[in-house]
Each structure stands twice: as structure tokens, then as C-alpha cells.
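Below: the structure, in C-alpha cells.
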Amino acid sequence: MAIAQNKEIKKIVLAYSGGLDTSAIIPWLKEQYGESVEIIAFAANVGQGDDELEGIEAKAIASGASECHVLDLQEEFVNDIIFPTLKTGAIYESEYLLGTSLARPVIAKAQVELALKLGADAVCHGCTGKGNDQVRFESTFAALAPHLTVIAPWREWDMESREDLLAYLAEKNVPTTASATKIYSRDANLWHISHEGGELEDPWQEPTEQVWTWTKSPEQAPDKAEYVELSFLHGELTTVNGKKLSGVDAISLLNNIGAEHGVGRIDIVENRLVGMKSRGCYETPGGTILFKAYKGLETLILDKMTLKYREELGHEFSHLLYDGRWFTPLCGAILAGANALAQDVTGDVVLKLYKGTASVVKRRSPNSLYSEDFATFGADDVYNQKHAEGFIRLFSLSSRIKALTK
């Protein structure tokens, strides 16, 4: 990537959230590249909530941006990223449903497209030099528009804390609603909300209830279980409780149902791409229901070796997503493989939601490989138990040979 100081910068498209970091970035860019530089703020609506986006255009202009573009990317987020990933079964380090990672490709792609449309010289982000997001954004920039200069203020300026940013904004007379008392760092979208910081920085400290903002605690969840039915056709979600919904509406509905029953909370210590460990608490109510349902249907349909291979694809894809490699040939290859394996994933699944759990209790499919005749312990005409002897002798032949040679 080009270094910003090595060429004249006239127009910059900034990934803008309206938070403290990006509010400080706008005047800092003016300071670094001159008052004449044009800074276009770009905000992506990926389902983080109306409160997060309210007044964001005015806020960007007040901070010194020449204009602000707010793009609704929710449908693209769901149909181009979330649902294809669902088919892979990708779960990072066995627990994390990749909520932050999933949103970054669609946001960074839209930022690049806006920069190219407006004839910008550079793109800018507010990711820290310690995190994964800098890699995700910049890998997308490299894949889609390598000629654009990338500006990463957190790797360049000398500010190090929230207090430093607040003091800088006060010095520049930039209004902000942020304060030094913020405890947690959060990231929200249609798929999830993440929480870091505060007491979570001590892995021996149990998260207090103030960490969680979306889901009820299992203790406060209803005492009566709720059942939800999902239907799939060739791996695609078609209905929720018999009702056909758009992808965005389906996930929103499942979020509401799951959150009410305390579904989707996890507390993990994960391995960041940059080499350090971090602790995060994540809430993914609708996503948890979807993954449980899809896996429940797969177990009915895919044979042993096919399911094993799909699980291998999911493991590889979870790292690909986490590491920001969406716009790569490997991504396309894995998605193509997962889509091929999903062609038989058709059927219905019923889940029971109760006190923080989502359990598959019913499943059916026209492509089911399950046969009650084969599975029964009673007498049948389809399986001769004597045949197992020869199978076992062949299956264990290498062990037998090894033992005989000693």
C-alpha cells in the first residue's frame, strides 16, 4: 500500500461511525493534509439500530466532513455474506459466530465503491493497530482498489487513550457526546453485538449483567419454553414459523425471539490475527438459532464423510473470515463447495428455546438418510448383523497386521 505522505491527497473517504475515534479523525486529517482536503464520511447501515445512525450526517459535517453518505447495506449483508456463510457452518474457535468479521467485507467494499465513484485519492479507517479490523479493511482495499492510499490514524498519531481523543476534540472545538466514563467497547449489527473492555479485561472476572444489552439472562428468561420452526430449500431459509420473510426480517424476528429466551450469549478468550489474545462477550440470538437449525438438518441428510468434509470447510472458512480474506480465490472456492453440499439440505426443523438454550427437537427432510428400519434395535429384514464381523476384520486389518509383526 502507498504511504499517505508520499503523494498529494485531495479527497478522502472515511469509514465513519460517529463515535469518538472517527470524530477525532476528521479534524486530524485536516491537520495532516491541509484545510483544503475534502473528507467524505461514509456510514454503513448493517442493522446496528436507528439510534446509532440518528443525526450521523449532521455530526459528520459538524466535525469537518464536506459530506456524509449513509448507505443501507442490510440486504447485501444478509444475502451475500450471512446466508452463504451459514452453509459453510463457520464458527471461529468452536464458539464465535463471527459477527464483526461478517460485516467488514460488505462495509469495506461499499467504502471502496464510493471512493471510486467520487474520484477519491485515499480511504481511511478508525481501526486500532492492535486489532483484527485493520487487516479486514485493508485486505479488502488491496483486493478491490490497490491504487488507493490507505490512511490508518491509530498507527500514525500520538494519541493513545480515550482521554487524549476527548482533549483533542475540545481543542479543535468539535462537538461530541462521548465521555471519559465509557466502560465498554461495543460493535453491533444485525447479526450480533460484541462487548470488550471494563471488567472483561480480567478473565477471572465474571461478566456483570450490565455487559449484556440485548438478550435476557437465562435466570430472567421466561419459565415457559417457546418453539420455533424453520424451513430450508437447498440450504436457503424459506420460512420462519410458516411465514415467508426477507432475510433481514427473518433474522430480526429470530433475534427478538432468541433474545427473549436468553439465547446466544457467549464469553470467550479468542486468538486475534495479530498474535494476542482478547476476551469478548458476544450476543448472537438469531444467528445461534439459525446455525443450530441448519446443523440439525444437515445431520439428517449428509452422510458421514460428506458431513466431515463440510465441517472441515467450515473450520477453514471461519479462519478465512476472521482473518479478513473474503475477497480471495479461496473464499470463492469454499463457498462453491459449501453451496454444492447444501443442495440436498431441504426440510423443516423445530427448536425449543428455554433459559438460554436452543435445542433441535424435531427435524424432517425428503432427502433424509435416516431410516427407522435400519436404526431400530428390533428384528428387521434390511440389516444382517452377522455381516458386521467381516467389516470389522477388514476395518481393523492394519492394527491386526501390526500386532502380528511384533
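Bear in mind that the values in this text are calculations on the coordinates, not laboratory data. These numbers come from a predicted model, not from an experiment. Positions of Cβ are generated from backbone atoms using ideal geometry, with glycine treated the same way; all protein chains shown enter the neighbour counts.
Amide H neighbours of residue 69 under 5 Å, counting only residues 5+ apart in sequence or on other chains, H built in-plane at 1.01 Å?
41, 42, 43
Would you compute, from DSSP H runs of 4+ residues alone, the mean residue ellipticity of the chain at 222 nm, taking -39500 (n - 2.57) per run and dividing by the full residue count, rounded to the nearest 500? Walk me through the numbers on the way to the answer.
Values: 14 runs with 158 residues, N = 406.
That calculation yields -12000 deg cm²/dmol at 222 nm.
Quick one: of 244/352; 109/308; 224/244; 11/182; 224/362; 243/292, which pairs are farther than 22 Å apart, Cα to Cα? It would help to have the intermediate numbers written out before the result.
Working: 244/352 20 Å; 109/308 33 Å; 224/244 26 Å; 11/182 32 Å; 224/362 18 Å; 243/292 19 Å.
Distance filter (> 22 Å) returns 109/308; 224/244; 11/182.
Label point 7 Å out from residue 171 along Cα-to-Cβ: which residues of the stretch 138-157 have amide N under 16 Å?
Flagged as within label range: 154, 156-157.
Going by the alpha-carbon gyration tensor, a ≥ b ≥ c the square roots of its eigenvalues, is the stretch 299-398 rounded (a/c under 1.5) or, if a/c is not under 1.5, prolate (a/b greater than b/c) versus oblate? Don't skip to the answer; put the middle values down first.
Values: a/c = 2.42, a/b = 1.47, b/c = 1.65.
Since a/c reaches 1.5 but b/c is at least a/b, the shape of the stretch 299-398 is classed as oblate.
If a/c stays under 1.5 just call it rounded; otherwise compare a/b with b/c (prolate if a/b is bigger, oblate if not). Do that for the stretch 270-327, with a ≥ b ≥ c from the square roots of the Cα gyration tensor eigenvalues.
Working: a/c = 2.66, a/b = 1.53, b/c = 1.74.
Oblate.
In degrees from 0 to 90, rounded to the nearest 10, what is the angle of the helix 133-144 Cα long axis to the longest principal axis of the chain?
Roughly 90 degrees, rounded to the nearest 10.
Taking amide hydrogens as modeled 1.01 Å from N in the peptide plane, which residues meet the under 5 Å criterion relative to residue 214, leaving out close sequence neighbours?
For residue 214, no residues qualify.
Suppose we keep just the DSSP beta bridges with both residues in the chain; what percent of those would be antiparallel, to 5?
Values: 36 of 53 bridges.
Around 70 percent antiparallel, to the nearest 5.
Got a sec to turn the phi values of the stretch 250-263 into Karplus ³J(HN,Hα) couplings, 6.51 cos²θ - 1.76 cosθ + 1.60 with θ = phi - 60°, whole Hz, x for Gly and Pro?
Values per residue, Gly and Pro as x: 5, 5, 4, 5, 5, 4, 5, 5, x, 4, 4, 9, x, 7 Hz.
Nothing charged except the Cβ atoms of Lys and Arg (+1) and of Asp and Glu (-1): what's the magnitude of the dipole of the stretch 125-200 about its Cα centre? Round to the nearest 20 debye.
The dipole magnitude comes to about 220 debye.
In percent, how large is the relative contact order of the chain, given Cα pairs closer than 8 Å and 6 or more residues apart?
So the answer I get is 18 percent.
Would the chain count as rounded, prolate or oblate if I go by the C-alpha gyration tensor, calling it rounded below 1.5 in a/c and otherwise prolate when a/b exceeds b/c, oblate otherwise?
Prolate is the answer for the chain, as a/c is 1.5 or above and a/b outweighs b/c.
If you keep only loop residues by DSSP, which GluC sites (Glu not before Pro) in the stretch 76-164 have at most 14 other Cβ atoms within 10 Å of their Cβ?
The qualifying sites are 93, 95, 156, 160.
When the Kirkwood radius is taken over all Cα pairs of the stretch 2-94, what Stokes-Einstein diffusion coefficient follows at 25 °C and 0.890 mPa s, in µm²/s? Walk me through the intermediate numbers first.
Details: Rh = 15.2 Å.
Estimated via Stokes-Einstein, D reaches 162 µm²/s.
Let me spell out the model: positive unit charges on the Cβ of Lys and Arg, negative unit charges on the Cβ of Asp and Glu, origin at the Cα centre of the stretch 259-406. What dipole size does that give, in debye rounded to 20?
Here the stretch 259-406 has a charge dipole of around 600 debye.
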